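Chemist: Okay, handing you the structure first.
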């Protein structure tokens, strides 16, 4: 297999994540301002036609690929990964933001948006936005039939009204359960 340049490797990784040619070219460090809009897609397609790049895209996609399970337990597990996501998982031991491929697949599911850009020093930079923890918790509660107050799904209250007599006289007692 032909060895890829750093730009080609970054393009393949970005394309496997975004499936967007212009965004992937920019993330890889191509000077996109030098291209007309239609030419960006043409350049991207030219890169994808190279067997080594196509294979790198397939490998990057396979690294993050998995069968999609839409069962209730799978949905709850996905929501739980968002609710209990630890931001430290995005940082390596040296304090640098990890590349998407270096984040375990089960944690990548909590990532809502990935932005890939080139820093002033020419290095690729990654920016992540994690799904809303509050929204995920609300959806979990809904799937489980739990309200935000910890009760089961709202039911009509039972109200019992009766007239009572006591030492203070006659009165009305209301019991709500």
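Quick note: the coordinates plus some simple rules give every number you see, no bench work behind them. Here the structure is a predicted model, which means the values were calculated and not measured. Note that we place each Cβ from the backbone using ideal geometry, even for glycine, and neighbour counts take in every protein chain shown.
Chemist: Can you grab the distance from the C-alpha centre of region 8-40 to the C-alpha centre of region 110-136, Å, no decimals?
Modeler: Rounded to whole Å, the Cα centres lie 17 Å apart.
Chemist: So how far apart, in nm, are the two label points at residue 20 and residue 102 if each is 7 Å from Cα heading toward Cβ?
Modeler: 2.4 nm
Chemist: Sticking with this structure for a sec: Which order do the peptides 6-16, 129-139 take when ranked by the mean count of other beta-carbon atoms within 10 Å per residue, highest first?
Modeler: Order by mean packing, descending: 6-16, 129-139.
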